[in-house]
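Structure, as structure tokens:
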Amino acid sequence: MHNVTLIKGDGIGPSIIDAAVKVINASGVKINWEEAEAGLGAFEKYGNPIPEATLTSIAKNRVAFKGPLTTPVGDGFRSINVVLRQTYHLFANVRPAKTWQGAHSRYENVDIVIVRENTEGLYIGSERYLDDNNTAESIARVTREGCENIVTYAFEYARSHNRKKVTVCHKANILKYSSGMFLDVARQTAKQYPDIIFDEKIIDAACMHMVMHPEQFDVVVTTNMFGDILSDLTAGLVGGLGLIPGANIGKDAALFEAVHGSAPDIAGKNIANPTAVIMAGVMMLRYLDEHQAADKIQTAVEKVIAEGQFVTSDLNPLQPVGTDAMGEAIIAAMQ
Ligand code: NAD
């Protein structure tokens, strides 16, 4: 029996998480789900987007499965995702994007894993106003240790997953210190992995290459903000955000979620694709060494998407089913 903290989240979160939990339970794995709250819903209820009980639950269980959390745009509370990643030092955000048979996309051969630094850099939102609120300053603080942790993780991931190449994406031509240090660490680390091809690309050119020739990319390691953007780009290469899972990994804790957000434009309509969060569940089961259950779910998801009969509107706009019905179809495909 595994103890896992379950955060349903905001917007489409509760409906995709409900579908995913049913699928995971149906795989035969024994999980004691400990439900906790976070995000906009928690803020509206308790005046606190990350209640103490949620932090305690994750600290105890060391594994969490969560839906997306809304972060107010422009003002309001800071990202709770950033808080969780920093609190449990979940330094590696692993986001695999692979072509799905049956999911319409422009490419047939995408297989890219973004390994994003998750606790440092511009994305953590270390900001202030100066000059009577007429100047805004955002600080991108990067440590050598943080760069070493994530770059080593990427090379180890490549080696253990039989991957051939690691590409570092950076902006060291302009950000000579913060991005420069990241690149320098990547170059030094690459020397310890002669079995892995090492490549480096400036982030803007990397985007162009990735859109034109995604097959040239394998494992990609990059800083927090670039990884955030690149992983949505890779989602676009394989059929959309409804398909891409993510794992936030630390040395002694991990949190699993979809790459996408709370999707307010489709929330409450039972039309969100549950695949991304179900596949985040598959990543969680592999982390928990439950490979049989993980394989069972993955095969069923692949079958349902390839058949295209019981899938949500992002995959079959003409004859879609709802989030819950797609989850049920995946459970049926596991039998
Ligand atoms: P989003 O990822 O929520 O949505 C972008 C687009 O993708 C929308 O058109 C949406 O309908 C679509 N989409 C997303 N998930 C889908 C799914 N499962 N099935 C079908 N379509 C799907 O991004 P956004 O609209 O920019 O952000 C909304 C909120 O989510 C913001 O408050 C943002 O801060 C938050 N967010 C949270 C996380 C997280 O919790 N990890 C990640 C990203 C964004």
| task | Under 1.5 on a/c is rounded, so check that first for the stretch 207-246, then, if it is not, pick prolate when a/b is larger than b/c and oblate when it is not; a ≥ b ≥ c are the square roots of the alpha carbon gyration tensor eigenvalues. | result | oblate
| task | Evaluate the relative contact order of the stretch 106-238 (contact order divided by residue number), counting alpha-carbon pairs under 8 angstrom at least 6 apart; express in whole percent. | result | 39 percent
| query | What is the projected area of the convex hull of the Cα atoms of the chain, averaged over all directions, in nm²? | reply | 17.3 nm²
| Those trypsin sites (Lys or Arg not before Pro) in the stretch 227-335 that DSSP places in a loop and that have at most 13 other beta carbons within 10 Å | K251, K269
| remark: Checking G146, G240, G76 against a Gaussian network model of the chain (alpha-carbon springs below 10 Å), the top fluctuating residue turns out to be G76
| field | Relative contact order computed over the stretch 1-64 (Cα-Cα under 8 Å; 6+ residues apart), in percent | value | 44 percent
| task | Could you let me know the centre-to-centre spacing of the stretch 308-335 and the stretch 21-86, using Cα atoms, in angstrom? | result | 26 Å
| remark: The extension gain from L318 to E156, computed as 0.36 nm times the residue separation minus the Cα-Cα distance, is 54.0 nm
| query | In terms of the Cα gyration tensor, with a ≥ b ≥ c the square roots of its eigenvalues, is the stretch 12-144 rounded because a/c is under 1.5, prolate because a/b exceeds b/c, or oblate? | reply | oblate
| task | With a cut-off of at most 12 other beta carbons within 10 Å, and DSSP calling the residue loop, which GluC sites (Glu not before Pro) in the stretch 29-91 qualify? Please list them. | result | none
| said: Just the number please: accessible area per residue for the stretch 106-238, 1.4 Å probe, all protein chains included, in Å². | reply: 51 Å²
| remark: In the chain, helical segments from DSSP H whose Cα atoms cover 15 Å or more along their own axis and that average at least -0.5 on the Kyte-Doolittle scale are 13-26, 178-190, 224-238, 275-287, 291-307, 323-334
| said: Taking 56 Å as R0, compute the FRET efficiency from the Cβ-Cβ separation of T299 and N133 and round it to 0.05. | reply: 0.50
| Which residues in the stretch 277-315 place their backbone N less than 17 Å from a point set 7 Å from the Cα of H104 along the Cα-to-Cβ direction? | 305-315
| For the stretch 74-134, what is the Kirkwood hydrodynamic radius in Å, using each pair of distinct C-alpha atoms? | 14.9 Å
| said: Restricting to Cα pairs below 8 Å that are 6+ residues apart, what does the relative contact order work out to for the chain? Please round to a whole percent. | reply: 23 percent
| note | Summing -39500 (n - 2.57) over every DSSP H run of at least 4 in the chain, dividing by its residue total and rounding to the nearest 500, the 222 nm mean residue ellipticity is -12500 deg cm²/dmol
| field | Heavy-atom accessible surface of the stretch 106-238: percent carbon and sulfur, 1.4 Å | value | 51 percent
| said: Rg/Rh for the stretch 117-166 to two decimals, with Rh computed the Kirkwood way over all alpha-carbon pairs. | reply: 1.26
| field | Scattering curve values for the stretch 106-238, log₁₀ I(q)/I(0), Debye with Cα scatterers, q = 0.12, 0.19, 0.22 Å⁻¹ | value | -0.47, -1.05, -1.33
| message | Restricting to lysines 8 or more places apart or on different chains, can you count the pairs in the stretch 132-288 with Cα atoms under 17 Å from each other? | response | 6
| Estimated distance in nm for a label pair at N3 and R141, the labels positioned 7 Å out from Cα along Cα-to-Cβ | 3.3 nm
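The values are calculated or read from the model by the stated rules, or taken from the named source; none is laboratory data. Bear in mind that the values here come from a model prediction, so they are computed numbers and not experimental data. Note that we place each Cβ from the backbone using ideal geometry, even for glycine, and neighbour counts take in every protein chain shown. Ligands, DNA and RNA are stripped out before the accessible areas are found, and what is left, the full protein with its side chains, is counted by its heavy atoms. Shrake-Rupley method; radii C 1.70, N 1.55, O 1.52, S 1.80 Å.
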